[in-house]
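Structure, as C-alpha cells:
The values are calculated or read from the model by the stated rules, or taken from the named source; none is laboratory data. Values in this document were obtained by computation on a predicted structure and should not be read as measured data. Cβ atoms come from the backbone with ideal geometry, glycine included; neighbour counts cover every protein chain shown.
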Amino acid sequence: MTADAAAGRSAASRTGAAALEFRGVTKRYGRGEQAHGAVNDLSFEIPSGAICVLVGPSGCGKTTSLKMVNRLIEPTAGEILLDGVNVLTEDVTALRRRIGYVIQQVGLFPHLTVGRNVAVVPALVGWSKGRQLARADELLSLVGLDPASYRNRYPYQLSGGERQRVGVARALAADPPLMLMDEPFAAVDPIVRERLQDEFLRLQRDLAKTILFVTHDIDEAIKMGDFVAVMEEGGRLAQFGPPDEILAHPASDFVARFVGADRGLKRLSLVTIADLELAPLPASARAGLPTFTPSTKLRDALSVLLAADSRGGIALDEEGQPCGFVTVDAIASALADDRQPTATRPGGATTTGVSAAAGDAKVTAAGGDS
Amino acid sequence: MDLIGATAAWLSDPAHWQGANGIPSRLLEHLALSGVSLLLAALVALPLGLWIGHSGRFSWLVVTSANAWRALPSFAVIGLLVPFTTVLDANLGFTLYPTLVAMIVLAGPPILVNAYQGIADVDADLVEAARAMGMKERQILVGVEIPIALPVLATGIRSAAVQVIATATLGAAFGFGGLGRFIVLGDANQDNGELFGGVVLVAALALTTLALFLVLERRLVSAGLARRAAG
Amino acid sequence: MNGEPLIRWDWLFAHLGPIADRVGQHLYLAAIAVSVGFAISFVLAAISIRRRKLYPFVTVLATAAYTIPSFAMFAALVAITGLSVFTAEIPLVLYTIVLFVPNIVAGFDSVPWDVLDAADGMGYTRGQRWWRVELPLAVPLVVAGLRLASVSTIGLVTVSAILGDSFGGLGYYILDGYHRHFTTEILVGGLLSIGLAVIADLGFVLLQRLLTPWAARRTVGG
C-alpha cells in the first residue's frame, strides 16, 4: 500500500511522508503514591504514508499520546521517533512547524481571514507573501473551497464543515511530513462528517501523508485507518493492526467488546462486491432482483438482500452489465476466518470505480451507477 | 437662561484665549498631564497585565491589589501627596507632582485589570493551536492573544483616559492648573461664565477623547472579531 | 511645613469629637446618595429592561454624565440650586445612577434563559420567578454595582468639600489642611476617607461572598 501511495502522490505534496514510531512511551502524572499512568509503555510503528487511528474509550490516553508527538505534553519515559529521530532531541518549535495539527474545535484564529489562517505556518517559517498567498489558494481548492470567495472571509462567517476544511488546509500548508488529528470530525453532524471523511480519504490518496488520527468512534477508526491502535483504560495498547484483523481476531475481551458484537458485519463494510467471488448468473428469475455495483459494500448488499427477502442479487460491472450472482451465503462465507479479503477499505487503492459520493450503495431495481 | 449667555460670552471673549491663564495654555496643561500620566501608567500596567494574563501566575495577587487601588478617592490622594512631594521639590512638588501621581494611580488599575482579563479570556484552544503550530511564546502573545484581546484592552485604556481627563480637574484645588483652574477661579470669583466655561471645556475634552478612542478602536480591531462579545 | 513635626498629636486628640462628626457626616451623605440612587436606578433599570429600545439612549446619557467631572458638577450646581445639602446630593445621586443602572440591567440579563424556562415550566408565577429565581441570580452583579457606587460616592463626598466648610465630610480636613499648610489635618482627612473607602470596598466584597454561596469563581473587578 505504501507503494501505491507513493505512486499516487501529487504535486501538492512534495516532501516525503515520515515514518512514526512509538517506543515504550509512558506518561505519568503525580508523584509517588499519587502517580497514575495516563499512557503506559505504548509501542507501535506506522510506515510512511499510512493513516493510523488511535481509538479507545474516554480516558484511555489516546489524546495524550497524540499530544506527545508534537510535545504539547512531554513523555515521562520512552521515545517517539520521526523518521528514526527522537522528537525529544529536536527543538520543539522547529518540530511543531513540521507537523500538521488538526483539532476538534479547529482553533481558527478569529482575527485573521481564512487565507491568513491557512498561511500561518508558512508565514512563521518565512515564506514570501506571494508564496503564502499562492499556497493558501492552492490548499483551499484542495479542500473544496473556492479561494476567490473564501480567502477573505472570517471564521465567524463559516459553517462548521467549512471551518473543518480550513483547519485541514491550514495543517497542510507547510507540507508537513506528519499530520496529527484529534477527533477532527466529531463536532459536525453525521452527514457532514461522512462527507468530510470521504473527501479526506480522497485527499490522502493524492498526498500520501503519514497521519496519526484520534477518535472514540470505532466505525470511524475502521473507515479511516490503514492501521488501528486500540487503547484501553490505563493507557495501554490493547491491539494494533489493520482494521480487518482487529475485527476478525480481537486480541482480548476488551477489544471484542469495544469493537462491538456486530464486528462481523463491520468487517463486511470493508469489502466490496468487486472483491467477492461471484457465482454465475442463473438462467432464470432476473427481473426485480436487486442489483449491485462493484463499489457496493458487502454489508449494504447483505442488508438489501435481507430486506428484499431475496435469494440473491445481480452484480453489475463498470459498464452496468450483469456479470455475476450474489447470494447471502456467498457474503457470509466471505466472513469465514480462513478468507482474508484483499481490499482493506472502500476507497482503497485496489478497488476501482469509486464514485464521488463514496460509500453509499446506490441500489436500484433498474441498475445504474450514480 | 442667563447662565448660558454668560458662558457663551466668556468662551467667546478673545482675551480668554491668550496668555498663561488662557484657554489654550490651560488646555495644553490639562492634556499634557493626562497624557503623561496615562502613558506612565500604561508603561507599567500594560506589560504587567499582559504577562500575568498569558502566564497565569500571580493573577489573584495582582488583580486584587489593583482593585484595592481603585477604591482610593483621588481627592484624598492628591491632598495627601502635597506635604510629601513639596519636600522633594518645593515648586513642582506643590503644583504638579501630587496631581500627576494621583492620576497615574487612577489610570493604572483599569489598564491592568482589562489587560489581564482580556488575555485570560482568550480561548485556551486557540493558544494551544498556536503553540502546536510552532509559535514561540512571544509570537503567541503578540500574534494571537493581543489581537483577540484588543477590544477589552482598548476599553481599559479608553476608560482610564476618560477618567483621568475628568478627574484631573481636581488638581486645580491643589495648585495644579489645567481646565479645572477655570472652575476654581469661577467659583471663587462668583463668575458663572468662567465656571461654566470651564465645565463645558472639560466635558468637551472628555467626550472628544472618548470619540477619538472609539474611532481608533474601530480601526485597529480586526473585522473578524466583530461578532464576538468583548470580554 | 518645615521645622514642624509631621503629626501634631495634640491637635488630633483635641479634635476627636469634630473628627467623629465629620466621619458621620461623610457616611450620612454617602448613604443618602447610594440609597436614593439605588432606588431611582432600580426603576430606570426596570424600564430599560422592559423597553429595550430606550437602553442605548440611557447608556449614552450615563457615559456623558460621567465625563463631567464631579468637581465641575458641584461648582456648577451651586450656581443653579444654591448652597445646600440638596445641591451636594444631586451630583452624588447622579453618579450612583450612572454606575448602578448598567450593573442592574446586566445583573438581570445574566440570568440564563434556560433557568427561567425551567422555572416557568415548574409552575412559578411571574412574581415568584422574579423574587425566587431572577433576583437571587442577579445579586452578584447588583452587589458589584453597589460596591462600585459606594466606593465612588465616598470619594465624591470628599470633593464636595469645595462647596464650603460645612460640606465635604472628611474632605473638609483635606482642603482646609492644604490651605493652612497643616499636614496633620491633611493626613487625618485623607487617610480616614481612604480608610472609609477601603472598608466599604471590603465590606461589599464580603457581602457578595455571603449572598452567593453558589458562586464557584469570582469575576475580576466586578
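Summary table below
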| read-out | value |
| --- | --- |
| Test: residue in the stretch B:36-55 that is out of contact with any Asp or Glu (no Cβ under 6 Å at 6 or more places or on another chain), of a type in the set (S, T, N, Q), over 20 Å from B:R181 (Cβ atoms) and surrounded by fewer than 21 Cβ atoms within 10 Å (Cβ to Cβ) | yes |
| Subset of the stretch A:198-248 (residues that are touching a helix residue (DSSP H, G or I) at 6+ places or on another chain (Cβ under 9 Å) and free of Cβ contacts under 8 Å to residues at least 60 places away in the same chain) | A:E199, A:F200, A:D219, A:Q239, A:I246, A:L247 |
| Residue match in the stretch C:144-163 (condition: modelled with pLDDT under 85 and either surrounded by 24 or more Cβ atoms within 10 Å (Cβ to Cβ) or over 27 Å from B:Y116 (Cα atoms) (or both)) | yes |
| Single condition B:E194 does not satisfy, out of (1) crowded, with 24+ Cβ neighbours inside 10 Å; (2) modelled with pLDDT under 90; (3) under 25 Å from B:V101 (Cβ atoms) | (3) |
| Selection count, the stretch B:180-195, where residues are facing another protein chain (nearest Cβ under 9 Å) and assigned to a loop (DSSP other than H, G, I, E, B) | 1 |
| Lone unmet requirement of (1) within 14 Å of chain B (Cβ to nearest Cβ); (2) assigned to a helix (DSSP H, G or I) for A:S141 | (1) |
| Sole exception among (1) crowded, with 23+ Cβ neighbours inside 10 Å; (2) within 30 Å of B:I148 (Cβ to Cβ); (3) of a type in the set (A, V, I, L, M); (4) out of contact with any Lys or Arg (no Cβ under 8 Å at 6 or more places or on another chain) for A:V53, by number | (2) |
| Residue selected from the stretch C:183-201 under the condition more than 9 Å from chain B (Cβ to nearest Cβ) and either in contact with a Gly (Cβ under 8 Å, 6 or more places away or on another chain) or modelled with pLDDT under 90 (or both), by the criterion surrounded by the most Cβ atoms within 10 Å (Cβ to Cβ) | C:E185 |
| Scan of the stretch B:2-34 for residues that are in contact with a Ser or Thr (Cβ under 9 Å, 6 or more places away or on another chain), surrounded by 14 or more Cβ atoms within 10 Å (Cβ to Cβ) and polar (S, T, N, Q), ordered by number | B:S34 |
| Filter result for the condition that a residue is away from chain C (no Cβ under 11 Å) and of a type outside the set (S, T, N, Q), over B:L72, B:L50 | B:L50 |
| Conditions (1) free of Cβ contacts under 8 Å to residues at least 60 places away in the same chain; (2) farther than 29 Å from B:A188 by Cα; (3) not hydroxyl-bearing (S, T, Y); number of the one not met by C:L175 | (2) |
| Of all residues in the stretch B:114-129 being over 29 Å from A:A173 (Cβ atoms) and crowded, with 24+ Cβ neighbours inside 10 Å, the one that is farthest from the other protein chains (Cβ to nearest Cβ) | B:A115 |
| Looking only at the stretch C:169-181, and only at residues there that are more than 9 Å from every other protein chain (Cβ to nearest Cβ) and out of contact with any Lys or Arg (no Cβ under 8 Å at 6 or more places or on another chain), the one that is surrounded by the most Cβ atoms within 10 Å (Cβ to Cβ) | C:D176 |
| Failed item, numbered, when C:I49 is tested on (1) within 12 Å of another protein chain (Cβ to nearest Cβ); (2) hydrophobic (A, V, I, L, M, F, W, C); (3) surrounded by 13 or more Cβ atoms within 10 Å (Cβ to Cβ) | (1) |
| Residues that are at the interface with chain B (Cβ under 7 Å from one of its Cβ atoms), under 12 Å from A:A171 (Cβ atoms) and modelled with pLDDT of 90 or more, drawn from the stretch A:98-114 | A:Y101 |
| B:I104 within 14 Å of chain C (Cβ to nearest Cβ), at pLDDT 90 or above, at negative phi and in contact with a Leu (Cβ under 9 Å, 6 or more places away or on another chain) | no |
| Residues that are of a type outside the set (A, V, I, L, M), touching a helix residue (DSSP H, G or I) at 6+ places or on another chain (Cβ under 9 Å) and either surrounded by fewer than 22 Cβ atoms within 10 Å (Cβ to Cβ) or at pLDDT below 90 (or both), drawn from the stretch A:161-178 | A:G161, A:E162, A:R163, A:D175 |
| Tabulated pairs, the stretch B:130-152, first at the interface with another protein chain (Cβ under 7 Å from one of its Cβ atoms), second surrounded by fewer than 22 Cβ atoms within 10 Å (Cβ to Cβ) and of a type in the set (V, I, T), C-beta under 7 angstrom, 6+ apart or interchain | B:R131/B:I140; B:G134/A:T93; B:K136/A:T93; B:V144/B:V127 |
| Conditions (1) under 30 Å from A:V168 (Cβ atoms); (2) free of Cβ contacts under 8 Å to residues at least 40 places away in the same chain; (3) of a type outside the set (A, V, I, L, M); (4) in contact with a helix residue (DSSP H, G or I) (Cβ under 9 Å, 6 or more places away or on another chain); number of the one not met by B:T85 | (1) |
| Wholly enclosed strands (runs of 3 or more DSSP E) of the stretch A:51-111 bearing at least 3 residues in contact with a helix residue (DSSP H, G or I) (Cβ under 6 Å, 6 or more places away or on another chain) and closer than 23 Å to A:G235 by Cα | A:51-55 |
| Filter pass, A:L306 being modelled with pLDDT of 85 or more, part of a helix (DSSP H, G or I) and buried (at least 17 other Cβ atoms within 10 Å of the Cβ) | no |
| Checking C:V60 against (1) more than 23 Å from C:E134 (Cα to Cα); (2) crowded, with 19+ Cβ neighbours inside 10 Å, the condition it does not meet | (2) |
| Selection within the stretch A:144-155 - outside any loop (DSSP other than H, G, I, E, B), hydroxyl-bearing (S, T, Y) and closer than 10 Å to A:T113 by Cα | A:Y150 |
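Table: residues versus (1) touching a residue at least 60 places away in the same chain (Cβ under 8 Å); (2) surrounded by 21 or more Cβ atoms within 10 Å (Cβ to Cβ); (3) closer than 24 Å to A:A238 by Cβ; (4) under 21 Å from the mean Cα position of the chain (by Cα).
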residue	(1), (2), (3), (4)
A:S252	no, no, yes, no
A:G264	yes, no, yes, yes
A:R267	yes, yes, yes, yes
A:P282	no, no, no, no
A:F292	yes, yes, no, no
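Residue-by-condition table, conditions (1) hydroxyl-bearing (S, T, Y); (2) closer than 30 Å to C:G164 by Cα; (3) surrounded by 13 or more Cβ atoms within 10 Å (Cβ to Cβ):
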site: C:T67; (1), (2), (3): yes, yes, yes
site: C:F74; (1), (2), (3): no, yes, yes
site: C:V78; (1), (2), (3): no, yes, yes
site: C:V85; (1), (2), (3): no, yes, yes
site: C:A88; (1), (2), (3): no, yes, yes
site: C:V93; (1), (2), (3): no, yes, yes
site: C:N103; (1), (2), (3): no, no, yes
site: C:A119; (1), (2), (3): no, no, yes
site: C:T125; (1), (2), (3): yes, no, no
